[in-house]
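Read through the structure below, which is laid out as structure tokens, and then see the notes.
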Amino acid sequence: KDRELTVNQITGDILTEALYPTTVLLTELSLDLHTGRTNMIWAIVLAIASCNILFFIYSGFAITLKRRSGVTKNKYKREDCNYVILVGSENGSTFHFAKAVYQQLLKAGQKCFITELNNYTVYPKAEHLIVFTATYGLGDAPTNAGKFMELLKKHPQPNKVDFSVIGFGSKSYPDFCKYAYEVNNALSLQEWATSTIEIHTVNDRSPEEFGQWEALWSQKTEIPLTISPKLFEDKTKRLHKLVVIEKTTVKHEEGSFLIHLEPKRNLRFTSGDLLAIYPANDHRERQYSIGKVNKIIQLSVKLHKDGLGSNFLYKLKKGETIQAALDLNPHFHFPKTSATVIMIANGTGIAPFLGMIDENSKKVNTHLYCGFRDSSSFELYKNDIDKKLKDKKLSALNLSYSREANKQYVSDLVLRDKEFIATAMRQDGVIMICGSLAMQKDMIEILDRIFKETNTMKNRRMPLQSLTQSMLPLDVRLSLLHQILINTKIRRTEIVSIICYQNTTHLRITFNQLQSSCFAYYHYRSTQTICHLCARSKNGYAR
């Protein structure tokens, strides 16, 4: 109501009329909107909105508490500490070990300071320096340790300091703990530094191997460390039961095989997601990129002589059931809205692409470039790919064989078709790469050269190669973004996500998007003026 009337009860004439002021009307309207008293549908909408508010309050607190739980707040200032712990970690697991030692030193009554290797500086009262570091990719520094070597030269310590280096990695990689050895060698050359014990390495985050360092260091320093191995056990992931429905055999030593797994229950996943298995039922995890074909998980695996995961999968029999975890990987899914998709792979890196092509129901223009040792290596996938070509889900197939008479690599195919690739990029095409880390570096250089020669990157001043090289050793979340803003003329830059785990990293950049996985996944998209840096970490590491 907006007024009051006085009416003659006999004649019905209006005797007086008084309009409500605007403030009263607005008050009534506000009450109606906030209570829903005038309309049932609006009342239901308000009820749903109220429930959402409660959820947002709860989730906000939950996220805040989770973030704070992963952050170690130093009890003492660095200037006052005689123990300093420096950490180089790609995905957060190395920090887990370092924090356990930090807590033990505090418990022993020592003043201790913990920080990242990139924060290294002068520590006036330091007597002991402990370095925990992983290795990234092909022997490079983790993202939070790339500046350490430069800082080490810049900030010599004023007093004699005893140091110990612990390297974390996986012996599955040829450059096992390479960066840890580099750090140890660099510290050994400092006049102020003396090694407490020899460098110690830990394979696959082994609590037992870490316990060996703990015992040696405690004996040497006479400071007891009593760290329970249970502290280093990962939080249990949700495991799903999968049945082996088919598995091929290898034709030669260290050949490749396909294995098909069917979930016992309805499981949501797509090609490009990751399957995590635990072959020894312990902390050691092995991840494989999924190709989804007819709701079945298809894995392409190279059999390694001493490979923990590959041997476990190869020994499985048809009908056997295993348990595995699923890691969603939305940044490496098939780009269904792109005009052209170019897929580049070598070896078993073809696996997720087979599933993606199978999902190409809209028949997006898709070109597959594959490199194999010989034609027999391709036979494993030939029938499947021929069918996809016939169904027009795959537009073109380009093959190279590196061990046959006409020796050729997948990079040669890419250089051959550089004009086509450059044109696809100008028309908002997407390049996706899956393969070995060595192939990754070669392909980056080749694509950089193609984009320069064809003027595809004319609006960009910093070349792809220098961008990638600056990304690998630096803190991706901060340093690379800073370099992009300084060195390029980009009108809009947006951080999206970074996914890291073990010795490899998922990266995705949209000017030419990159994504790397258990091998190396790269995802390129040309947009001339936009550069998005992806940075979301796996298992809740930093965002």
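Read-outs: derived from the displayed coordinates by stated rules, not from any lab. Keep in mind the model is a prediction, meaning the values are calculated, not measured. Because the Cβ atoms are built from the backbone with ideal geometry, glycine has one as well, and the counts that use them run over all protein chains shown.
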| task | Quick one: which residues, 5+ away or cross-chain, put their amide H under 5 Å from the amide H of VAL202? H built at 1.01 Å from N. | result | GLY167, PHE168, GLY169
| Cα gyration tensor of the stretch 78-232, axes a ≥ b ≥ c as square roots of the eigenvalues: rounded (a/c below 1.5), prolate (a/b > b/c) or oblate? | oblate
| said: Could you check the spin-label model distance between ILE245 and THR6? Points 7 Å from the Cα along Cα→Cβ, value in nm. | reply: 8.5
| request: For the stretch 274-291, just list the computed ³J(HN,Hα) in residue order, Karplus coefficients 6.51, -1.76 and 1.60, θ = phi - 60°, integers in Hz, with x standing in for Gly and Pro. | output: 10, 9, 9, 10, 10, x, 9, 6, 9, 6, 6, 10, 10, 10, 9, 6, 8, x
| query | What residue among SER218, VAL101, THR143 has its Cα farthest toward the positive end of the dipole of the stretch 78-232, where the charges are +1 on Lys, Arg and -1 on Asp, Glu, each on the Cβ? | reply | VAL101
| request: Quick one: of LYS178/LYS264; LYS147/LYS441; LYS251/LYS387, which pairs are farther than 32 Å apart, Cα to Cα? | output: LYS178/LYS264
| note | Shape call for the stretch 258-412, from the Cα gyration tensor axes a ≥ b ≥ c (a/c under 1.5 means rounded, otherwise prolate when a/b beats b/c, else oblate), comes out oblate
| field | Sorted by Cβ density within 10 Å, fewest first, the residues LEU225, LEU261 | value | LEU225, LEU261
| Residue order, fewest to most beta carbons within 10 Å, for ASP374, ASP273 | ASP374, ASP273
| Global geometry of the stretch 3-69, whether rounded, prolate or oblate, following the gyration tensor of its Cα atoms and the 1.5 cut on a/c | prolate
| field | Spacing of the two label points (7 Å from each Cα toward its C-beta) at LEU216 and LYS75, in nm | value | 2.8
| Expressed in nm to one decimal, what extension gain is obtained for the pair ILE48 and ASN119 from 0.36 nm per residue of sequence separation less their Cα-Cα distance? | 20.9 nm
| Charges only on Cβ, +1 for Lys and Arg, -1 for Asp and Glu: so what's the dipole of the stretch 320-438 about the Cα centre, in debye to the nearest 20? | 380
| Candidates per trypsin sites (Lys or Arg not before Pro) in the stretch 295-326, loop by DSSP, up to 16 other Cβ within 10 Å | LYS295, LYS305, LYS315, LYS317, LYS318
| task | Return the distance in nm (one decimal) between the two label points of a simple spin-label model at THR321 and ASP282, each offset 7 Å from Cα along Cα→Cβ. | result | 2.6
| query | Going highest first, how would you order 348-355, 435-442, 376-383, 248-255 by mean Cβ packing within 10 Å? | reply | 348-355, 435-442, 376-383, 248-255
